[in-house]
């Protein structure tokens with residue numbers, strides 16, 4: 001685990017250095033995008049709907065975006081759980097999810113990002129069958145991409161309201177690694193009364209194996225948009 005976290009941190013530092021240098025050399029003559037060289041802090045709506053929360057911090061240069069996000073205690077039960085969990089009457093709790101993103105601003109409002117993430121799960125029975133201890137815990141790593149649109153509803157204001165940001169996004173985060181042996185957990189299910197095999201949950205919408213959408217509510221500091 002420590003090696004994975006070090007890999008994320010090293011990749012972010014190296015790519016950040018390279019892209020900043022590239023930005024200075026290649027794009028120095030291009031027009032300045034608004035809200036460049038600004039820090040943004042916010043959180044996602046979907047995380048709140050799932051009973052948890054997340055913190056997302058971003059820094060934008062003229063053309064590049066660097067972000068870090070950390071989510072906590074997201075609950076996937078009922079129809080929100082993965083298909084295999086629904087069939088086995090299980091609930092998936094995403095205790096933590098964290099990672100970085102490195103993106104490119106195609107327009108002042110729109111950017112695309114490369115996003116490595118790590119996710120920490122607890123697995124338990126759903127509803128009344130829930131145990132005091134989880135059936136198992138496991139981790140997944142995703143390597144994916146996201147598309148983000150930045151909407152400032154008060155961008156024409158010459159005061160602090162100009163920093164209010166609504167940022168919808170669409171992301172695709174497929175699993176590339178899980179800590180489950182062969183991506184399987186075999187156990188005796190007391191609800192179905194038979195041996196069952198569970199596979200690590202994918203991110204996002206049920207049956208999409210990694211596709212989901214979100215809306216981030218945030219604030220960009222430094223409301224003079226230049």
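The values are calculated or read from the model by the stated rules, or taken from the named source; none is laboratory data. Treat the numbers as computed from the prediction; the structure is a model and nothing was measured. Cβ atoms come from the backbone with ideal geometry, glycine included; neighbour counts cover every protein chain shown.
Key figures for this structure:
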read-out	value
The lone exception for residue 145 - which of (1) surrounded by fewer than 17 Cβ atoms within 10 Å (Cβ to Cβ); (2) more than 13 Å from the chain's Cα centre (by Cα) it fails	(2)
Flag if residue 121 is under 19 Å from residue 202 (Cβ atoms), in contact (Cβ under 8 Å) with a residue 40 or more places away in the chain and crowded, with 19+ Cβ neighbours inside 10 Å	yes
Qualifying residue in the range 47-64 (condition: closer than 25 Å to residue 190 by Cβ, surrounded by fewer than 16 Cβ atoms within 10 Å (Cβ to Cβ) and either touching a helix residue (DSSP H, G or I) at 6+ places or on another chain (Cβ under 8 Å) or free of Cβ contacts under 8 Å to residues at least 12 places away in the same chain (or both))	no
Search result, residues across the range 72-99 that are closer than 18 Å to residue 114 by Cα and crowded, with 21+ Cβ neighbours inside 10 Å	97, 99
Looking only at the range 199-212, and only at residues there that are surrounded by 14 or more Cβ atoms within 10 Å (Cβ to Cβ) and without any contact (Cβ under 8 Å) to a residue 60 or more places away in the chain, the one that is nearest to residue 129 (Cα to Cα)	204
Any pair with Cβ under 7 angstrom, 6 or more apart, that starts in the range 182-198 at a residue that is on the phi > 0 side of the Ramachandran plot and surrounded by 11 or more Cβ atoms within 10 Å (Cβ to Cβ) and ends at one that is part of a helix (DSSP H, G or I) and at pLDDT 95 or above	none
Test: residue in the range 216-225 that is surrounded by 18 or more Cβ atoms within 10 Å (Cβ to Cβ), in a strand (DSSP E or B) and more than 14 Å from the chain's Cα centre (by Cα)	yes
Failed item in (1) touching a residue at least 24 places away in the same chain (Cβ under 8 Å); (2) under 24 Å from the mean Cα position of the chain (by Cα); (3) surrounded by 14 or more Cβ atoms within 10 Å (Cβ to Cβ), with residue 110 passing the rest	(3)
Residue match in the range 29-41 (condition: in a helix (DSSP H, G or I), surrounded by 13 or more Cβ atoms within 10 Å (Cβ to Cβ) and at pLDDT below 95)	no
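A quick yes/no check of all residues on (1) in contact with a strand residue (DSSP E or B) (Cβ under 7 Å, 6 or more places away or on another chain); (2) closer than 30 Å to residue 152 by Cβ:
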residue: 61; (1), (2): no, yes
residue: 76; (1), (2): yes, no
residue: 80; (1), (2): no, no
residue: 86; (1), (2): no, no
residue: 105; (1), (2): yes, yes
residue: 117; (1), (2): yes, yes
residue: 122; (1), (2): yes, no
residue: 136; (1), (2): yes, no
